[in-house]
Structures are given as structure tokens and as C-alpha cells.
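Worksheet for the structure shown next.
The values are calculated or read from the model by the stated rules, or taken from the named source; none is laboratory data. All of these numbers come straight from a predicted model, not from anything done at the bench. Ideal geometry is used to build each Cβ from the backbone, glycine not excepted, and the neighbour counts take in all protein chains shown.
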Amino acid sequence: MSSIDSTARIASGAQIGKDVAIGPYCVIGPQVTIGEGCRLAAHVNIAGRTTIGARTSIAAFASLGTPPQSVHYHGEDTTLTIGADCDIREHVTINIGTAGGRGTTTIGDHCFLMVGSHVGHDCNVGNQVIFANNATLGGFCEIGDFVFLGGLCAVHQFARIGEQAIIGGLAGVAFDVIPFAAVVGHRAKLSGLNRVGLKRRGYATADIQKIYRAYRDIFFGEGTVAGRVESAAEKYANEPLAMKIVNFIRAGKSRRLMTPRAGHEDTD
């Protein structure tokens, strides 16, 4: 049975699942769907056409499903979908999509959004992504599975971050980041691979070495980056992990790609 505090305001039309706890002074809009087993602390605001997956926990003063921060939004019927088993902490803000974009903002399963983090309109966030305090995504960003976003980092609108990359604290990410990468710096650059994250997820040393060889060939070889990517596609055609980097770059087409600082080659 659900537990709803008497001070909460739940609009007619909202759908509340089984065994949901809604704390004091929460405000739930008429187009909201909250999955079974969710836990909302005090003063949570959920608006828009928003769907919250099962067993997700939302801390005090989070505001989800609010209108996009875009001058092009004029009240269109767009959505926000948040997956199951997420942990959304205090003061997190997530906007719905725009009609001129994807029409929806999406957060995957098992994501952890720490205090003050923000997901802009039309973003697509994968599974098991971690946002440290005040990490920020501009609109239209695409974030792969298992990405870690450091505290106070800011990801520019439309940027893509490949799976299992780690973004350092305070980093400004203006360009696409390949899978498995580590990124540092105020105006961020690649600093190598996310070796710690790969090891924690059980990748063998031999597999990490294969990823590193592809990284080295693409960013430190002879000729243009485009040419080196095509060479890597032939060389690593039978190496699925290396090909994730190749395919990520190819999918970006003419988009700008984050590169290492001059002379900085990861040799750890």
C-alpha cells in the first residue's frame, strides 16, 4: 500500500504505483506516472508528462519534468522518462524534451544523480551513469552507459560521451568524447583511458591493452584523424572493444572530436 503525506498535492490524473511513499509538501502533476516502490522525500516537484521507473528514490527539493530552458519551447506536449532503481538526490533538475528535438529526455536504469546535477532537454542518458555534485548537461547530449561525470563539470549541448568514459571535476566538455576515455582540464582534453573504471568492471588487462592500442593508433599515428580511423577499422575489425571507439567516431560524422593535448600520450 502506498503512503502519501497529507500535505502532498497530487493532481487528478497522476498515476501512482503500488508501495509508493510520497513525503510532505510534494507536488505531483496530472500527467505524471510514478512506478511501484518509488520513494519521494519532502518538497519534491514532478511536472510535465513524466514517467518515473520502479524503485527510484527522489530526495528533497528535486524538480523533474519542468519545461525546457529553451526560447524555442512554447508548451508542446513532450516527455521525460526516468528508468528504474535510480537515486536522484537533493536539488536535481531534469527538463522534458522539445518538439524541435527528440521530443523526450531519457534517463536509463540505475543512475545516480548527486546534489544539484542537471540534465537539459532532449538528453539521452544511458544506464548506470553517475553524476557527481552539480554536474551539468546542456540540451541534446548523449551519454553512454557507465559514464562518470565529475563534480561541477559542464557538458556542452549536443556533445556525445561514449560508454565508460570518465569526466574529471570542473571540466568543460565542448566536443565528443570516445568510449573508455578519461578527460581532464578546464577546457577539457583527453588524458588517456578510464583504466580504473575498466578494471573495476572486470575487463582483463589484455582487453584494456587492445583498447589502448586502438586509442594510440587513432590519436597519435601518421596522417589525418579521419584516415587513422579508417585504418583502425581495418586493423581492429575483429576486436569488438576497439571497434566501439571506431564506430562511435564514425557515427559522429563531421562532428568535432575531443583529442589529447599535444605531446600527451597515455602510457600507463
**Filtered residue count, segment 67-92, keeping only those that are of a type in the set (K, R) and over 17 Å from T136 (Cα atoms)** = 0
**Message:** Here are the criteria: (1) in a helix (DSSP H, G or I); (2) more than 24 Å from the chain's Cα centre (by Cα). Tell me which single one A242 does not satisfy.
**Reply:** (2)
**Item:** Cβ pairs under 6 Å, 6+ apart, first in segment 224-238 and closer than 15 Å to K210 by Cβ, second of a type in the set (D, E)
**Value:** A232/D217
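Residues checked against (1) within 21 Å of E239 (Cβ to Cβ); (2) at pLDDT 95 or above; (3) in contact with a helix residue (DSSP H, G or I) (Cβ under 6 Å, 6 or more places away or on another chain):
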site	(1), (2), (3)
G150	no, yes, no
V155	no, yes, no
R187	no, no, no
T205	yes, yes, no
K210	yes, yes, yes
A214	yes, yes, yes
D217	yes, yes, yes
E222	yes, no, no
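Residue by residue, here is whether (1) farther than 26 Å from N133 by Cβ; (2) in contact with a strand residue (DSSP E or B) (Cβ under 8 Å, 6 or more places away or on another chain) holds:
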{"residue": "G192", "(1), (2)": "no, yes"}
{"residue": "Y203", "(1), (2)": "yes, no"}
{"residue": "T224", "(1), (2)": "yes, no"}
{"residue": "E239", "(1), (2)": "yes, no"}
{"residue": "F248", "(1), (2)": "yes, yes"}
**Asked** Out of segment 236-257, which residues are closer than 16 Å to L198 by Cα and either in contact with a Pro (Cβ under 8 Å, 6 or more places away or on another chain) or exposed (fewer than 12 other Cβ atoms within 10 Å of the Cβ) (or both)?
**Response** P240, K244, I245
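So for segment 42-54 (the condition being in the same structural domain as S12 (by TED's automatic domain parsing) and in contact with a His (Cβ under 9 Å, 6 or more places away or on another chain)), does at least one residue qualify? Outline the logic, then answer.
As a first pass, look at segment 42-54 and keep what is in the same structural domain as S12 (by TED's automatic domain parsing): 42-54.
Restricting the remaining residues to those that are in contact with a His (Cβ under 9 Å, 6 or more places away or on another chain) gives none.
Checking segment 42-54: not a single residue is in the same structural domain as S12 (by TED's automatic domain parsing) and in contact with a His (Cβ under 9 Å, 6 or more places away or on another chain).
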**Item:** Matching residues in segment 145-167 - criterion: being outside any strand (DSSP E or B), more than 17 Å from R255 (Cα to Cα) and touching a strand residue (DSSP E or B) at 6+ places or on another chain (Cβ under 6 Å)
**Value:** V147, G150, C153, A165
**Fill in**
Reported set for segment 214-257 where residues are closer than 17 Å to F175 by Cβ and among the small types (G, A, S) is A226, A251, G252, S254
**Message:** Out of the residues in segment 57-96 meeting the condition of being crowded, with 24+ Cβ neighbours inside 10 Å and among the polar types (S, T, N, Q), tell me which one is nearest to V129 (Cα to Cα).
**Reply:** N95
**Message:** I want to confirm something. Restricting to segment 195-207 and keeping residues that are crowded, with 17+ Cβ neighbours inside 10 Å and without any contact (Cβ under 8 Å) to a residue 40 or more places away in the chain, which single residue is nearest to L152 (Cα to Cα)?
**Reply:** L198
**Request:** Return the total of residues in segment 1-38 being exposed (fewer than 12 other Cβ atoms within 10 Å of the Cβ) and in contact (Cβ under 8 Å) with a residue 24 or more places away in the chain.
**Result:** 0
